[in-house]
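One structure is given below, encoded as structure tokens.
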Amino acid sequence: SSSPTALRSRSGRSIINGNWAIDRPGRYEGGGTMFTYKRPNEISSTAGESFLADGPTNEVLDVYMIHQQPNPGIHYEYIIPGDNVISPQLLAQRRPGEPLNGQLGMPEGTNHEDEDLHMETDTLTGQSVGTFPVIQPGRFPSHQPENQVPAVQPPRQNREYNWKQIGKTECTTTCGKGSQYPVFHCVNRITHEEVPEGYCDSSTKPIPEEEACNLFPCPAFWDIGEWSECSKTCGLGMQHRQILCRQMYANRTLTVQQYRCQHLEKPETTSTCQLKICSEWQIRTEWTSCSVPCGVGQRTRDVKCVSNLGDIVDDEECNMKLRPNDIENCDMGPCAKSWFLTEWSDRCSAECGDGIRTRSVVCMTNHVSSLPLEGCGNNRPSETTPCNNGPCAGKQEWFAGGWTQCSTECGSGTQQREVICVRKTEGNFEVLNPYDCSYLEKPPSQQSCYLKPCGSKWFHTEWSTCSKSCEGGFRVREVRCLSDDMTASNQCDPQLKPEEKEPCNTHDCIPEIDENCKDKYYNCNVVVQARLCVYTYYKTACCASCTRVANRQSGFLGRR
């Protein structure tokens, strides 16, 4: 068969190619006999697979064929027992001249020592061989039709010619138990000279029986399997193959210990392989310009996977670990800068009289919007503003009032106190000129204070210019949460976050009125409906109507 075949017993035991696995060619035991499995090279030969056994079988065997194309069919041959067979038992018990299976024996008086008929017993089973004829085409052709029984002829005591074994065929193998057959020629009974076979009775010619020869085992050899597929589809990879030490005996190849092949150099089990050259990454374009004019943006370039023939292929064809970057960040430097301010402190530095309130001011980069914002420049906003909680009252001595609250609720601030020269009177104090107390050491009127760390606070820029001069625009500012060291923070209270955008200039736009622009005709509405205002004559004659239409259209386009 040219398709894969399998052999299995009726009991379900696989003998050859079982369990969806393909066995190596060789000899396999099953059904009471030994099967020789042959599988020619599928590339160099068109012959199919074959099973060959000497038989007989002792159970029913099933042959399976696996095919995906049309059934190629199976060719089979078999041999049944025949009558024209010489068995060793029959030869040993035969008397001279007695028929053998319908054949006449030698005439009486024949020198049986010259016959040299040699039979053999199977050394493995102890049973006689030759019970079933082995027909080898072209070597020992059959002399009798299968269904014809040779006629029994009376003994011929004075026959001059008889059959004699003159030797044996060459052994089929040089080692590992082969087979050979005796060779019979027709000879003169007295002189033993060979004569043409026609001188002898063909019906009395013995049928050659198989004999074992060269029983010593063959030398072990390395059985080399097929190479596996390359481990990589491109570039340098590895492939493997199985190496077994095998030895042949009785036409059966067996796997043996590897030390029996130590007289031979062991073939390599692994090898490098390369199916094709791998594709490679190529940078096809230079970097693009940065995506932003200032600050941090991105730039890109074109990276392709190119085969060794120069064609663009899928990225999977290249090593993704070696892929060059096709996108990266770019820093175009700081954008516009603005002053960031906190709200004014709630407390005045003096409990009475003049004091100050403070706020924090810092210059930082602005990224809030595309509206034009001025840089920080030299116009730093003031960090203090005056405050007054009302007049205070004062004997000739320095009188120091209590310290005011710290100018800041957190962080570094200042405390103020009033230090005046007073003169105490009955039930009252009279404030004197500070010169009057100059001989006295004046207490300090200001000191630094620090209540607690501020943590994070909201800072914001000044409002930008309104986006529209009328009919509702908007203005924006940037708001940031900064920690004590003026770095970005996320610890500010979201509910206290100042607004970043608010409406402005919500009043209606009032067009300028030209007293000379009037309608000269009562039906100028018709001119407007007919869209004649584009002509100079009608634009002048119906000036007021055409102007109103133009203002409405411009207002509509501005709101889109």
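Annotations
- Distance between the range 311-328 and the range 257-309 - C-alpha centres, whole angstrom: 9 Å
- These residues, Val527, Val60, Val183, go from largest to smallest accessible area, 1.4 Å probe, as Val60, Val183, Val527.
- Ranking Asp485, Asp201, Asp302, Asp54 by solvent-accessible area of protein heavy atoms (1.4 Å probe, all protein chains present), from largest to smallest, gives Asp54, Asp485, Asp302, Asp201.
- Distance from the alpha carbon centroid of the range 429-444 to that of the range 472-487 works out to 47 angstrom.
- For the range 165-205: accessible area per residue (Å², 1.4 Å): 51 Å²
- Phi-based couplings in Hz for the range 23-32 (Karplus 6.51, -1.76, 1.60; Gly and Pro marked x): 7, 6, x, x, 10, 9, 8, x, x, x
- Put a plus charge on the Cβ of each Lys and Arg, a minus charge on the Cβ of each Asp and Glu, and nothing anywhere else: the dipole of the range 409-560 about its Cα centre is then about 1020 debye.
- The phi torsions of the range 8-19, fed into the Karplus equation with coefficients 6.51, -1.76 and 1.60 and a -60° offset, translate into couplings of 8, 7, 5, 6, x, 7, 7, 9, 9, 6, x, 6 Hz, rounded to whole numbers, with Gly and Pro shown as x.
- For Ile356, solvent-accessible area (1.4 Å; no DNA, RNA or ligand), Å²: 50 Å²
- Solvent accessible area, Å² - His263, 1.4 Å probe, full protein context: 110 Å²
- Area of Trp339 that stays accessible when all protein chains are in place (1.4 Å probe, Å², to 10): 40 Å²
- For Ala53, distant residues with modelled amide H under 5 Å away: Thr36
The values are calculated or read from the model by the stated rules, or taken from the named source; none is laboratory data. The model shown is predicted, which means the values in this text are computed figures rather than measured ones. Backbone-built Cβ (ideal geometry, glycine too); neighbour counts: all protein chains shown. Please note that ligands, DNA and RNA were not included when accessible areas were found on the heavy atoms of the full protein model with its side chains. Shrake-Rupley method; radii C 1.70, N 1.55, O 1.52, S 1.80 Å.
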